[in-house]
Amino acid sequence: MVALSLRPFPIYSKQAEFLQTDAWLTGFCGGRGTGKTYIGSYDIQMTAKRDEPWMCVSPDAGVVTETTLPTFIEVADTCGTLVRVVKSPYPRVYWRTRDRGIASIVFRSGEVPGKLRGPSKAGLWIDEASVVSREAFDIAIATLRYKGRMGPCKLTFTPRGRLHWTFEEFYEPVPDAPVIGNDGCTSDGLIYIQGRAYRAKADSHLVRAHTLDNPFLPDRFYELLRARYSTVLAEQELAGEFVDIAGLMFRREWFLSVDSAPRDARRVRYWDRASTPGSGKYSAGVLLAMDSRGLIYIEDVVRGQWSYHDRNRIMEQTAERDRRKYGGEVVVYTEQEGGSAGKEVSQQIVSLLAGHPIFVDIVGGKQSRKVDGQELPGDAKVIRAMPFEAQAEAGNVRIVRGPWNADYLDELTAFPEYTYSDQVDATSGAFNKLAKGRVYDGDTAATKQTVQPSSERFGVNFALERIRHRRANR
């Protein structure tokens, strides 16, 4: 039988290596822009045979509909093999295989792993595997029993450290090997990662790619992203390295202690509220100041596990204390998560702090993740913390001495592998407002301000931004 003739599809050397492996478990691990989803889509379409049913698992329905599914369709269309797309009950794509048959792949979310149980599959692809749980992986691979054969499993992902299940599926430690300073492969088959020796597991092959390996990226793609990442996260997000972020995203030595912050500075007090008082979570209000040189001062932290009543009373007392000390110049933000309940509570806080410049900051994205049954900060919290982390690493952050310093630094240096992140979230929120050059930047919410800021510079800019925002949203 003559193989199907395909239109040319551009790939680079690392992607070609991924296509050539015949191990049961294959992975393409790389930084942003390395074409992970593209090469995963192309590999499936080159591998599948006539009448075979495949399955793709993505972290959630949003990734399925916005990234994985459209990329797969685009690749099939580029190659000239697309037959049809079915949207319900689950998205499914049919395409012509190289042996001139037709194969199909169903796209599923890994949010509820138990729902992945079902009919036998000829092959499995997990896209963005580092955001998919081990439970979803374990359940999904059990479907690889089509016609009595254990079909192949393919993973595409950005690395998440050596403790993550994606790393453990490809490598096993070699405890007796010496620790060395340089990473890479040795003549005896050992693989050194962060100085530790590992050996590839049997019947597995992992290809690792750096963002710069991809010659098809737009000009300045790498430079623009690198400028926004700290060194640690750049190693993970661009170099594709298995970086253990715990204890590394923030380091204690980055925070120089000072006795006070300068009076002439812009200030924001940002509140991260516990979603359910009494649940063991904390509420925290962090006061940040930024001076004319761009130096950031962590000036004060108020934190506790309070009832609704006590929390609101403390927020009101703190706002009044800040007003007396700084003449009404401290702008207050309170974080609002999604849902009608979050909106209602936020509006209650706005009413409570009438007389102060109070705004609501709506946050989105994945706020938490489960690791071995423990709830840890999600990707959205990590992303929001990146700009502040970069400034801390650059030596632009000071911490005003206070009894709260130890708990504050303990949380920062454990983030994001520590269950509590309220102080980090509040710090990220305050910094991101200050870093924009203005403390009011079109947030959804409201003020019932009756006390005017004493600083003419601050007050005029604040009022002008409010007017521009209202006009833009008429």
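Looking only at residues in region 254-273 that are under 24 Å from the mean Cα position of the chain (by Cα) and modelled with pLDDT of 95 or more, which one is surrounded by the most Cβ atoms within 10 Å (Cβ to Cβ)?
Per the criteria, the residue is TRP271.
Any idea which of (1) in contact (Cβ under 8 Å) with a residue 40 or more places away in the chain; (2) in a helix (DSSP H, G or I) is the one GLU66 doesn't satisfy?
(1)
Give the residues of region 162-178 that are assigned to a loop (DSSP other than H, G, I, E, B) and farther than 17 Å from ASP127 by Cα, sorted by residue number.
ARG162, LEU163, VAL174, PRO175, ASP176, ALA177, PRO178
Can you name the number of the only condition in (1) within 18 Å of ASP244 (Cα to Cα); (2) surrounded by 13 or more Cβ atoms within 10 Å (Cβ to Cβ); (3) at pLDDT below 95 that ALA177 fails?
For ALA177, the exception is condition (1).
So which strands (runs of 3 or more DSSP E) stay within region 78-139 end to end and still have 1 or more residues that are modelled with pLDDT of 90 or more and over 29 Å from the mean Cα position of the chain (by Cα)?
The strands (runs of 3 or more DSSP E) meeting that bar are 82-86, 92-96, 102-109.
Which one is farthest from TYR229 (Cα to Cα), of the residues in region 31-80 that are crowded, with 18+ Cβ neighbours inside 10 Å and among the acidic types (Asp, Glu)?
Within region 31-80, the match that is farthest from TYR229 (Cα to Cα) is GLU52.
Just for strands (runs of 3 or more DSSP E) wholly inside region 289-381: which have at least 3 residues that are under 29 Å from GLN236 (Cβ atoms) and among the small types (Gly, Ala, Ser)?
none
Given the criteria under 26 Å from the mean Cα position of the chain (by Cα) and at pLDDT 95 or above, does GLU52 qualify?
no
Among the residues of region 97-132 satisfying the criterion of being among the small types (Gly, Ala, Ser) and buried (at least 17 other Cβ atoms within 10 Å of the Cβ), which is nearest to VAL85 (Cα to Cα)?
Per the criteria, the residue is SER104.
Search region 140-151 for residues being assigned to a helix (DSSP H, G or I) and surrounded by 15 or more Cβ atoms within 10 Å (Cβ to Cβ), and hand back the single one that is nearest to the chain's Cα centre (by Cα).
ALA140
Answer with yes or no whether SER58 is over 16 Å from VAL106 (Cα atoms), touching a residue at least 40 places away in the same chain (Cβ under 8 Å) and out of contact with any Cys (no Cβ under 7 Å at 6 or more places or on another chain).
no
Could you count how many residues in region 86-121 are of a type in the set (Ser, Thr, Tyr) and in contact (Cβ under 8 Å) with a residue 24 or more places away in the chain?
Final tally of qualifying residues: 4.
Every residue in region 180-204 that is among the hydrophobic types (A, V, I, L, M, F, W, C), touching a residue at least 12 places away in the same chain (Cβ under 8 Å) and farther than 18 Å from ASP244 by Cα, please.
LEU190, ALA200
Counting only residues that are surrounded by fewer than 16 Cβ atoms within 10 Å (Cβ to Cβ) and either in contact with a strand residue (DSSP E or B) (Cβ under 8 Å, 6 or more places away or on another chain) or part of a helix (DSSP H, G or I) (or both), how many does region 397-410 have?
6
The values are calculated or read from the model by the stated rules, or taken from the named source; none is laboratory data. For clarity, every value in this text was computed on a predicted model and none was experimentally measured. No Cβ is skipped: glycine too gets one built from the backbone with ideal geometry, and neighbour counts run over all protein chains shown.
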